[in-house]
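Everything below concerns the one structure shown next.
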Amino acid sequence: MSQSPIIATPLLEDVLDELHTLLRSLRPDEWHLPTVSSKRLVRDIVAHLLDGSVRRLSMQRDRYTSPPPNGPNRGETLLDYLNRLNNSWEQATQRLSPNVMIDLLEVADRQYVEFFKSLDPLGQAFFPVAWAGEESSLNWFDVGREYTEKWHHTQQIFLATGRESTITERRLYHPCLDLFLRALPYTFSDKTASEGTSVVIEVTGAAGGRWQIVRTSDRWVPSDASNTDPIVHVTIPQDCAWRVFTKRRTADELLAQFPQIKINGEDALGRTVLEMVSVMA
């Protein structure tokens, strides 16, 4: 499991092109289809994607600070605050037609990608990748996090509309999986084990791969070693892997929904793998 930087900006541009093409092909009724993202309809996902692009441009590129209150209320968690922002935006965009939303999205996404191209990948990021346990991140990881966000929401729309996905080829999907799995050491941070204990997760399919973490004296770290005897080996088909990593559910719920997931070895640590969530959820 490498921790090498992933330069996701070119991939992000390609996924957004596929998103725009997909949205242009939808019938009016398909905008109201339910998705696997909580209670969101397709149009709510599109509104959320638009919000992500325009908010990033406003806050980071333009250094704009919205009028108060512009942060969590007293006693409100960051996640609750983000959900409140998302809900208020999605309610406001109910006034927009699909064509208007697509037009706005195409304009915003073009500027969004160009802005990311201007950043030094090894420079300090505007936002840390909190789901990987980071308090500060480099730009490549922040942009990579944006890539996983755009990728999985686009895939949700493909799934909801029954269209054949154009973003699950290895070139686009494998880097997304690799970025998701950067959360694995943080997910295990409160799990103890003897030094040298290893955990392997394998995503099967053409876009999949093998990822491993190993316990040192005081933490879990990524490892590329192939000669270890893991205490648990978790196998997840690529068709459901992205859904496992982007929604908070119990291991029992996931194993019931996706019986093709296999845990071979230490069950408790295997279930911890399934508890990894690589989004703010």
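Since every read-out is calculated from the coordinates, none of them should be taken as a lab result. No experiment lies behind these values; they were computed from the predicted model shown. Note that we place each Cβ from the backbone using ideal geometry, even for glycine, and neighbour counts take in every protein chain shown.
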Legend entry - Volume in Å³ per residue [convex hull over Cα atoms, computed for the range 86-142]: 99
Inset, instruction - Using only Cα atoms, tell me the angle between helix 42-56 and the longest principal axis of the chain; keep it within 0 to 90° and round to the nearest 10. - result: 90
Inset, instruction - Treating the angle as unsigned and between 0 and 90°, give the value, to the nearest 10°, between the Cα long axis of helix 9-25 and the longest Cα principal axis of the chain. - result: 50
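Can you pull out the GluC sites (Glu not before Pro) in the range 177-255 whose DSSP state is coil and whose Cβ has at most 12 other Cβ atoms within 10 Å? Show your work: numbers first, answer last.
Numbers: sites: Glu195, Glu202, Glu253; in loops: Glu195.
The qualifying sites are Glu195.
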Legend entry - Estimated dipole of the range 182-274 in Debye, rounded to 20 [Cβ of Lys and Arg +1, of Asp and Glu -1, Cα centre]: 340
Legend entry - Selected from Glu106, Glu164, Glu134 as most flexible by GNM, with the chain as the system and alpha-carbon contacts under 10 Å: Glu164
Inset, instruction - Using only Cα positions of the range 183-281, each an equal point scatterer, no hydration layer, compute I(q)/I(0) via Debye at q = 0.11, 0.15 Å⁻¹ and quote the log10 values to two decimals. - result: -0.29, -0.55
Legend entry - Under Karplus coefficients 6.51, -1.76 and 1.60, residue-wise ³J(HN,Hα) of the range 261-273 in Hz, glycine/proline x: 6, 10, 10, 10, x, 4, 5, 4, 5, x, 5, 4, 4
Legend entry - Dipole of the chain, positive direction: furthest Cα of Trp220, Val199, Leu78, with charges on the beta-carbon: Leu78
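Assigning unit charges at the beta carbon (Lys, Arg +1; Asp, Glu -1) and nothing else, what dipole magnitude in debye, to the nearest 20, does the chain show about its Cα centre?
Values: 30 positive and 37 negative charges, 100 e Å.
Dipole about the Cα centre, nearest 20: 480 debye.
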Legend entry - HN-Hα J in Hz across the range 134-145 - Karplus 6.51, -1.76, 1.60, θ = phi - 60°, x for Gly and Pro: 8, 8, 8, 9, 8, 4, 4, 6, 4, 5, x, 4
Inset, instruction - For the range 1-116, build the charge dipole from Cβ charges (+1 Lys, Arg; -1 Asp, Glu) around the Cα centre, then report which of Trp89, Ala108, Gln3 sits farthest towards its positive end. - result: Trp89
Inset, instruction - Scan [x] 19.0, 61; [y] 18.7, 54; [z] 19.2, 58 for the value of Rg and Dmax of the Cα atoms in Å calculated from this model and give just the label. - result: [z]
Legend entry - Degrees, to the nearest 10: 78-92 long Cα axis against longest axis of the chain: 30
Inset, instruction - Lys and Arg at +1, Asp and Glu at -1: add these up for the other residues within a Cβ distance under 13 Å of Asp103 and post the number. - result: 0
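When DSSP beta bridges are limited to those with both residues in the range 182-274, what percentage is antiparallel, rounded to the nearest 5? Walk me through the numbers on the way to the answer.
Working: 13 of 19 bridges.
Percentage antiparallel, nearest 5: 70.
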Inset, instruction - In whole Hz, with x marking every Gly and Pro, tabulate ³J(HN,Hα) for the range 229-235 from phi via Karplus 6.51 cos²θ - 1.76 cosθ + 1.60, θ = phi - 60°. - result: 9, x, 6, 8, 10, 9, 10
Inset, instruction - Can you spot the lysines whose alpha carbon is less than 22 Å from Lys262's alpha carbon? Ignore those fewer than 8 places along the same chain. - result: Lys191, Lys247
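How high is the relative contact order of the range 120-169? Use alpha-carbon pairs under 8 Å, at least six apart in sequence, and give a whole percent.
Over the range 120-169, the number comes to 25 percent.
Can you tell me, using C-alpha contacts under 8 Å and at least 6 residues apart, the relative contact order of the chain as a whole percent?
Numbers: 384 pairs, mean separation 54.6, N = 281.
It rounds to 19 percent for the chain.
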Legend entry - Alpha-carbon centroids, the range 46-73 and the range 82-145: separation in whole Å: 8
Legend entry - Cβ-based net charge around Arg55, under 15 Å, with every Lys or Arg adding one and every Asp or Glu removing one: -1
